[in-house]
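Working notes, structure below.
Quick note: the coordinates plus some simple rules give every number you see, no bench work behind them. Being a predicted model, the structure only gives us computed values, none of them experimental. Every residue, glycine among them, receives a Cβ derived from its backbone with ideal geometry; neighbour counts consider all protein chains shown.
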Amino acid sequence: MNLNNSLRKTPVAVIGMSALFADAKNVEEFWNNIIQGKDSITDVPSSRWSIDDYYDPDMRAPDKTYCKRGGFLPDIDFNPMEFGLPPNILEVTDVSQLLSLVAARDAFEDAGYGKGSAKFTKELKEKTGVVLGVGGGQKLITPLVSRLQYPIWKKALRASGIAEADIPPIIEKMSKAYIGWNENSFPGMLGNV
């Protein structure tokens, strides 16, 4: 069977849209920003990352950025129970997955198939797909991988002259600064889940 021929015979209709952009929680806000000529590039919000920790005007400064402006998504309300998720897995679920759920829900609502819609029948559910574009770095990978760096921390502490007996409690304190690995960690950080 030729896949191209099969796809040509399968009708597809885009009936609902949703998007999240810098300074826009939905498609309407995005287009309004464009029409109004709004500049949605802002200083880094303090809720995203600390300028004092990561900014340096010297573009060659190691492990720093010489930029302190960008396009940032607005805060998005997320109720895990609405999506059948237990709240205790949120800590190990990447925010891109949670935002994808919000975007998919909003696309269904835009199409007229929102919560409680009688139009969303079992037959329609079986013929419906949602296409998500997931991009960018995932926020969860850094703390999870950082937590696994304890062998390097150990060597650095030893090389700094820290007493061997003091190293395990220091490592434990450093580890507690990061979220822990559990059975939900891998599915929580994969963009295709």
> Which aspartates and glutamates have a Cα less than 19 Å from the Cα of residue 25, not counting those fewer than 8 places away in the same chain?
Replying inline: 39, 43, 75, 77, 82, 94, 106, 109, 110
> Which ³J(HN,Hα) values in Hz, rounded to whole numbers, follow from the phi angles of region 104-116 under the Karplus curve 6.51 cos²θ - 1.76 cosθ + 1.60, where θ = phi - 60° and Gly and Pro get x?
Replying inline: 5, 4, 5, 5, 5, 5, 4, 7, x, 10, x, 3, x
>> Show me, for region 12-18, the HN-Hα J-couplings you get by feeding each phi into the Karplus relation (A = 6.51, B = -1.76, C = 1.60, θ = phi - 60°), rounded to Hz, glycine and proline as x.
In response: 10, 10, 8, 10, x, 9, 7
>> Given all pairs of different Cα atoms, what value in angstroms does the Kirkwood hydrodynamic radius of region 8-164 take?
In response: 19.7
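Percent relative contact order of region 30-100, based on C-alpha pairs within less than 8 angstrom and at least six residues apart? Working shown, then result.
Working: 45 pairs, mean separation 16.8, N = 71.
This gives 24 percent for region 30-100.
Which net charge results when you count Lys and Arg as +1 and Asp and Glu as -1 among the other residues whose beta-carbon is under 10 Å from that of residue 27? Write down the numbers at each step before the final one.
Working: positive: 25; negative: 28, 29, 106, 110.
Around residue 27, the surrounding residues sum to -3.
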>> Just to be sure I understand the model, the point goes 7 Å from the Cα along the line to the Cβ. What's the resulting residue 60 to residue 115 distance in nm?
In response: 5.6
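Once you order the gyration tensor axes a ≥ b ≥ c over the Cα atoms, which shape class does region 21-101 get: rounded for a/c under 1.5, otherwise prolate or oblate by comparing a/b with b/c?
Values: a/c = 3.43, a/b = 1.28, b/c = 2.69.
It comes out oblate by the Cα gyration axes.
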>> Can you list residues from other chains, or at least 5 along the same chain, whose modelled amide H is less than 5 Å from the amide H of residue 65?
In response: 55, 56
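Pairs of alpha-carbon atoms within less than 8 angstrom and 6+ residues apart define the contacts here; what relative contact order does region 37-148 have, in percent?
Working: 66 pairs, mean separation 21.2, N = 112.
Over region 37-148, the number comes to 19 percent.
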> Near the amide H of residue 72, under 5 Å away, which other amide H atoms are found, from residues 5 or more places off or on another chain, if H is placed in the peptide plane?
Replying inline: 23, 42
>> Let me test this: with uniform point scatterers at the alpha carbons of region 65-124, what is the Debye-based log₁₀ I(q)/I(0) at q = 0.17, 0.18, 0.19, 0.23 1/Å?
In response: -0.74, -0.80, -0.85, -1.03
> Residue separation times 0.36 nm, minus the C-alpha to C-alpha distance between residue 104 and residue 40: what's the value?
Replying inline: 20.7 nm
